[in-house]
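Novice: Below is a structure I'd like to ask you about.
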Amino acid sequence: MTLTIWLQAILDGAVIGATISLGAIGVTLTYAILRFANFAHGEFITWGGYFALAALSAFAGWRDLSAWLGGPIEPFSFGWPLILAALTAILASAALALILDAVFFRRLRRAKIAIASVIGSFGAALVLRNLVVLGYGADPEYFSREIQIAVHFGPGLRITADQILLVGLTAALVATLHLFLTRTQMGRAMRGVRENPDLAAVSGIDVAGVIRATWAIGAALAAVAGVLIGLTIQLRPSIGFDLLLPLFSAAILGGIGSVYGAVLGGLVIGISESVAVLVIGPEYRAAISFGVLILILLVRPQGILGART
Amino acid sequence: MAEPALSLRALEAGYVKGVPIVRGVSLDLAAGEILAVLGPNGAGKSTLVRAIAGLVRRFAGEIRLGGKSISNLPPHRIVAEGFAYVPQLANVFADLTVEENLALGGYMLRRGRAARAARVYELFPDLVGKRQVKAGRLSGGQRQMVAIGRALMVAPRVLALDEPSAGLAPIVVEHVFAMIRRVAEAGTAVLVVEQNVRAALAAADRALVLAEGTGRLAGTAVDVAADPAIARIYLGAPPAAAAAPAEAGP
């Protein structure tokens, strides 16, 4: 195998890893602030994608708006309708997460039995996934059936404009999240609640408000991941479930609770899965990422960027 | 007559319903006054102050701040009413810088956060050069300064400190209590829960001694220090005067 093939696998893995990172940030934030592993988080990715699909269908049915918004923006495969649909999906997913917390998880939290929230999240995931199947069926859906030609990206490497956008958008969102966490009072409050909820409360921080912000931010990032998966691959009701283990692997690998660790973990998982396909075939893709996870945890049990407790 | 800064009436509180740890405690604390809450281990001192802060369930009784009931408010609303609490352990955000700790202390302030922080740095000049240092990397004394500074960001009506001398060198304890006196002189009512009886009584105006969750002895710091009953309470034997619960009031 030539170097180009290896580099192409790494590039493809970075694209997949960027999507995993967006989902893993939500997993790690939820774990750090709400203190439970939310197995329903993958479904926010699915719902985000399908919310955007529903919005796109609604825009398409509104002829005047559709004509005004126009066609694809070169060199991408999509235009303003998908951008508006993505914004709608972000808001709708954040609202879904807040409703889910208000009617379900908040009650479990009050019971102060951590395992109840974890098992409850399994149940919520099943309900959410099957609601998508009920509405859209199990067949794949696409935002666009246009074929996009990949462009040259260095010697022998190819990537589509949508994939470049995916990586760029992920980087921009991570940078924005970094600024939010370090420069805003709500961001500092989230870090405070993550470290010590009681101290945060007696500092005047509305911990319940911080929890709501955590749900909304996690679900919004997951919705972006869902839209990007729909854009670059396809939408299926099982995408959230299929991504669940990579999401948790990325969050744990990077150091649970660390946003930057989740990003790094997502890239490591994405690239190792992609490279594994070249070495031992696609059927062992998941096993390789877990092998990497185990190896890194043996050397650094707290994860790459996690703090020792 | 002015309302006390803090007033408790027959407060019962604890972690499990039906098992009160604080049992029928009453006290009044005036502005600018320092009240030391003393007692042996397990007397309910920390639970008392955590109950006022809204972190422990109140089963009965009333808590008033400046005449307004805060009995049913959540912790962040109690802070907004003017009660600031410095816990004994984990009293700073270790992963956050000194500046960020102070910013979080003033979380509920809409404006004037920088001016309040400047006042804290005036009170604790040692922190000026440590603004960008994570609180977890500071010495014990500096951490205590950050913890008190964080609480002072809201210019509280009442400042409650749980064991501010714990784990500190004697010279640092002296410094911390000097700071507490300065805070009280500026008009803030201070409630200090302490194991260090000598240091607490030296700084306090009045004292309340708890045992088994109830007030056993109350009076001026000088009177309590001279009362032989305090030794008996610390040694575990109920004093003769313990038949009626003691109430701390001016």
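Novice: If the chain between A:His178 and A:Arg63 were fully stretched, how many nm would it gain, using 0.36 nm times the residue separation less the Cα-Cα distance? Show your work: numbers first, answer last.
Specialist: Numbers: separation 115, 0.36 × 115 = 41.40 nm, distance 3.99 nm.
Difference between extended and current length: 37.4 nm.
Novice: Within 10 Å of each Cβ in A:190-200, how many Cβ atoms from other chains are there, averaged over the peptide? Intermediate results must be reported in sequence, preceding the final value.
Specialist: On the way: counts 0, 5, 9, 2, 2, 7, 8, 2, 8, 14, 5.
The shielding value for this peptide is 6.
Novice: Taking only C-alpha pairs under 8 Å that are 6+ residues apart, what is the relative contact order of chain A in percent? Intermediate values should be presented prior to the final figure.
Specialist: Details: 481 pairs, mean separation 110.6, N = 309.
That works out to 36 percent.
Novice: Which shape class, rounded, prolate or oblate, goes with the stretch B:30-173 when its Cα gyration tensor gives a ≥ b ≥ c as root eigenvalues, a/c under 1.5 marks rounded, and past that a/b bigger than b/c marks prolate? Walk me through the numbers before you get to the answer.
Specialist: Working: a/c = 1.93, a/b = 1.32, b/c = 1.46.
Oblate, because a/c is 1.5 or more while a/b does not exceed b/c.
Novice: Where in the stretch A:18-37 does the amide nitrogen come within less than 16 Å of the point 7 Å from the Cα of A:Ile119, taken along Cα to Cβ?
Specialist: The answer is A:37.
Novice: Show me you know the interface measure: the accessible area buried between B and A, both chains summed, probe 1.4 Å, in Å² to the nearest 100.
Specialist: That pair hides around 1900 Å² of surface in total.
Novice: Then there is this: Suppose every Lys and Arg Cβ carries +1 and every Asp and Glu Cβ carries -1, with no other charges. What dipole size does the stretch B:55-162 come out with about its Cα centre, to the nearest 20 debye? Show your work: numbers first, answer last.
Specialist: Details: 17 positive and 8 negative charges, 56 e Å.
Roughly 280 debye, rounded to the nearest 20.
Novice: Oh, and also: Using θ = phi - 60° and the Karplus relation 6.51 cos²θ - 1.76 cosθ + 1.60, list the HN-Hα couplings for the stretch B:165-181 in order, rounded to whole Hz, with x at every Gly or Pro.
Specialist: Rounded to whole hertz, the list is 9, 4, x, 9, 5, x, 5, 6, 4, 4, 5, 4, 5, 5, 4, 4, 5.
Novice: Over the whole of B:45-54, what's the average partner chain Cβ count within 10 Å per residue? Rounded to a whole number, please. The partial results should precede the final answer.
Specialist: Details: counts 0, 0, 0, 0, 0, 2, 0, 0, 3, 3.
Average neighbour count from other chains, rounded to a whole number: 1.
Novice: Per-residue ellipticity at 222 nm for the protein assembly as shown, helices alone: DSSP H runs ≥ 4 residues times -39500 (n - 2.57), over residue total, nearest 500 deg cm²/dmol? It would help to have the intermediate numbers written out before the result.
Specialist: Details: 22 runs with 310 residues, N = 559.
Result for the protein assembly as shown: -18000 deg cm²/dmol, rounded to the nearest 500.
Novice: Using a Gaussian network model of chain A with C-alpha springs under 10 Å, which one of A:Trp215, A:Trp62, A:Trp80 is most mobile by mean-square fluctuation?
Specialist: A:Trp62
Novice: Using a Gaussian network model on chain A with a 10 Å cutoff between Cα atoms, which of A:Val210, A:Val193, A:Val279 fluctuates the most?
Specialist: Taking springs between Cα atoms under 10 Å, the residue moving most is A:Val279.
Novice: Then there is this: When the chain is fully extended, how far beyond the present Cα-Cα distance does A:His152 get from A:Arg106, taking 0.36 nm per residue of separation?
Specialist: Working: separation 46, 0.36 × 46 = 16.56 nm, distance 4.95 nm.
Gain on stretching A:His152 to A:Arg106: 11.6 nm.
Novice: Only Cα pairs under 8 Å and at least 6 apart count here; give the relative contact order of chain B as a rounded whole percent. Can you show the working numbers first?
Specialist: Numbers: 528 pairs, mean separation 68.0, N = 250.
Reported as a whole number, the value is 27 percent.
Novice: I would also like to ask the following. Remind me, what semi-axes does the stretch A:36-111 give for its equivalent ellipsoid, largest first in whole Å, using sqrt of 5 times each Cα gyration tensor eigenvalue?
Specialist: Numbers: eigenvalues 219, 32, 12 Å².
In descending order, the three semi-axes are 33, 13, 8 Å.
Novice: In the stretch A:3-299, what is the volume of the convex hull around the alpha carbon atoms, normalised per residue and reported in Å³? All intermediate terms of the calculation are to be shown ahead of the outcome.
Specialist: Numbers: hull volume 44.2 nm³, N = 297.
Cα-based convex hull of the stretch A:3-299, divided per residue, equals 149 Å³.
Novice: As an exercise, identify the trypsin sites (Lys or Arg not before Pro) in the stretch A:99-181 lying in DSSP coil whose Cβ has no more than 15 other Cβ atoms within 10 Å.
Specialist: On the way: sites: A:Arg106, A:Arg107, A:Arg109, A:Arg110, A:Lys112, A:Arg129, A:Arg145, A:Arg158; in loops: A:Lys112, A:Arg145.
For trypsin sites (Lys or Arg not before Pro) across the stretch A:99-181 that sit outside H, G, I, E and B with at most 15 neighbouring Cβ atoms in 10 Å, the list reads A:Lys112, A:Arg145.
Novice: Same structure, new question: Rounded, prolate or oblate: which one fits the stretch B:27-86, using the alpha carbon gyration tensor with axes a ≥ b ≥ c (rounded when a/c is under 1.5, else prolate when a/b beats b/c, else oblate)?
Specialist: Values: a/c = 1.69, a/b = 1.21, b/c = 1.40.
Oblate, since a/c reaches 1.5 and b/c is not below a/b.
Novice: Taking every Cα atom in the stretch A:13-158, find the radius of gyration and the maximum pairwise distance Dmax, and write them in Å.
Specialist: When restricted to the Cα atoms of the stretch A:13-158, Rg and Dmax are 18.5, 58 Å.
Novice: Share of the stretch A:139-189's accessible area from carbon and sulfur, percent, 1.4 Å?
Specialist: Values: 1970 of 2990 Å².
Result for the stretch A:139-189: 66 percent of the exposed heavy-atom area is carbon or sulfur.
Novice: Let me ask another. Would you calculate the volume per residue, in Å³, of the smallest convex hull containing every Cα atom of chain B?
Specialist: Values: hull volume 30.7 nm³, N = 250.
Normalising the Cα hull of chain B by residue number yields 123 Å³.
Novice: Continuing with this model, one more query. Does the protein assembly as shown classify as rounded, prolate or oblate by the C-alpha gyration tensor (a ≥ b ≥ c root eigenvalues; a/c under 1.5 gives rounded; else a/b over b/c gives prolate, otherwise oblate)? Please report the intermediate quantities before stating the final value.
Specialist: Working: a/c = 2.60, a/b = 2.38, b/c = 1.10.
Because a/c hits 1.5 or more and a/b exceeds b/c, the protein assembly as shown counts as prolate.
Novice: Still on this structure, I have one more. What does the charge count around B:Val22 come to, taking other residues whose C-beta lies under 11 Å from its C-beta (Lys +1, Arg +1, Asp -1, Glu -1)? Show your work: numbers first, answer last.
Specialist: Details: positive: B:Arg23, B:Lys45, B:Arg50, B:Arg57, B:Arg58; negative: B:Glu12, B:Glu212.
Taking every other residue near B:Val22 into account, the sum is +3.
Novice: For chain B, modelled as a Gaussian network with Cα springs under 10 Å, which listed residue fluctuates most, B:Leu168, B:Leu89, B:Leu210?
Specialist: Top of the fluctuation ranking is B:Leu89.
Novice: Find out how many positive minus negative residues lie around B:Arg216, taking Lys and Arg as positive, Asp and Glu as negative, among other residues whose Cβ is under 15 Å from that of B:Arg216.
Specialist: Numbers: positive: B:Arg23, B:Lys45, B:Arg206, B:Arg232; negative: B:Glu212, B:Asp223, B:Asp227, B:Glu247.
With Lys, Arg at +1 and Asp, Glu at -1, the net is 0.
Novice: Quick check for you: with a 1.4 Å probe and neighbouring chains kept, what is the accessible area per residue of chain B, in Å²? Walk me through the intermediate numbers first.
Specialist: Numbers: 10800 Å² over 250 residues.
Solvent-accessible surface per residue comes out at 43 Å².
Novice: Can you tell me the accessible area per residue over the stretch A:43-107, all protein chains present, probe 1.4 angstrom, in square angstrom? Please report the intermediate quantities before stating the final value.
Specialist: Values: 3330 Å² over 65 residues.
Heavy-atom accessible area per residue stands at 51 Å².
Novice: OK, next. Which percent of the accessible heavy-atom area of chain B goes to carbon and sulfur, probe 1.4 angstrom?
Specialist: It is 52 percent, rounded to a whole number.
Novice: Filter the trypsin sites (Lys or Arg not before Pro) in the stretch B:1-59 to those in DSSP coil with at most 10 other Cβ atoms within 10 Å of their Cβ, and list the result.
Specialist: Working: sites: B:Arg9, B:Lys17, B:Arg23, B:Lys45, B:Arg50, B:Arg57, B:Arg58; in loops: B:Lys17.
In loop regions of the stretch B:1-59 (DSSP not H, G, I, E or B), the sparsely surrounded trypsin sites (Lys or Arg not before Pro) are B:Lys17.
Novice: Which value in nm describes the separation of the simple spin-label points at B:Arg77 and A:Gln234, placed 7 Å from the Cα toward the beta carbon?
Specialist: 5.3 nm
The values are calculated or read from the model by the stated rules, or taken from the named source; none is laboratory data. Quantities reported herein were computed from a predicted structural model and do not represent experimental measurements. With ideal geometry, Cβ positions are generated from the backbone for all residues, glycine too; neighbour counts draw on all protein chains shown. Remember, those area values only see protein heavy atoms, side chains included, never the ligands or the DNA or RNA. Shrake-Rupley method; radii C 1.70, N 1.55, O 1.52, S 1.80 Å.
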